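Comments concern the structure below.
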Amino acid sequence: VILPWPDEVVVAFTGCGGADGCGQAFEQVQRGDLSGAEAIYTRILGPYGEPGATVDEDDRNIVAETLFNRGILRAYTGSYELGMHDLQRALKIRPGEDRWRQELATIEQLASEQEQLQRQMGQATTGSAI
């Protein structure tokens, strides 16, 4: 799936641990309706979408994979903090996911670059007013 970012971004979304609605969310992503897909992932998470929610053992795969998908959507649409938080939570549930850890590192880098750019733009605007 290619998300709307200045560069081409290809991400392998998960199957949400087989959760109902995951396929529908992926279809939304493919159509470019990322906010619709995020809403579906949030609905799949239900009460587990809350930051401090304890995840039942039976739901761990569904929650981890859905958090990963929602985190990717959030981050690549500019909501870096929310996306990173979802990915960090997913990794707490499934710490052995190296690919997820790599996605998190990429998003952290993008967030840092965006922050630096905003600082530079602020300095350029301030500097030109003198």
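The values are calculated or read from the model by the stated rules, or taken from the named source; none is laboratory data. Nothing here was measured: the structure is a model prediction, and the numbers come from that model. Here the Cβ positions follow ideal geometry from the backbone for every residue, glycine too, while neighbour counts run over all protein chains shown. The area values use the complete protein model at the heavy-atom level, side chains included, leaving out ligands, DNA and RNA. Shrake-Rupley method; radii C 1.70, N 1.55, O 1.52, S 1.80 Å.
Enumerate the helices (runs of 4 or more DSSP H) found wholly within the range 26-99, keeping only those where 3 or more residues are within 17 Å of Ala111 (Cβ to Cβ).
Numbers: elements: 34-45, 60-76, 80-93.
Fully inside the range 26-99 and qualifying: 60-76, 80-93.
Against the list (1) touching a residue at least 12 places away in the same chain (Cβ under 8 Å); (2) within 26 Å of Gln116 (Cβ to Cβ), the condition Ala105 fails is (1).
When Thr66, Thr77 are screened for being touching a residue at least 60 places away in the same chain (Cβ under 8 Å), under 12 Å from the mean Cα position of the chain (by Cα) and surrounded by 15 or more Cβ atoms within 10 Å (Cβ to Cβ), only Thr77 passes. Screening Gly83 with (1) at pLDDT 95 or above; (2) open to solvent by 70 Å² or more (accessible area, probe 1.4 Å) gives one miss only, at (2).
Filtered by the rule that a residue be under 15 Å from Gly83 (Cα atoms) and open to solvent by 60 Å² or more (accessible area, probe 1.4 Å), the range 40-61 gives Glu50, Pro51.
Per-residue answers, yes or no, for (1) among the polar types (S, T, N, Q); (2) within 18 Å of Asp98 (Cα to Cα); (3) in contact with an Asp or Glu (Cβ under 7 Å, 6 or more places away or on another chain):
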residue	(1), (2), (3)
Gly23	no, no, no
Ser35	yes, no, no
Leu45	no, no, no
Thr54	yes, no, no
Asp58	no, no, no
Leu67	no, yes, yes
Thr77	yes, no, no
Tyr80	no, no, no
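Checked against the criterion of being at pLDDT 95 or above and within 16 Å of Gly17 (Cβ to Cβ), the range 33-41 contains one or more residues that satisfy it.
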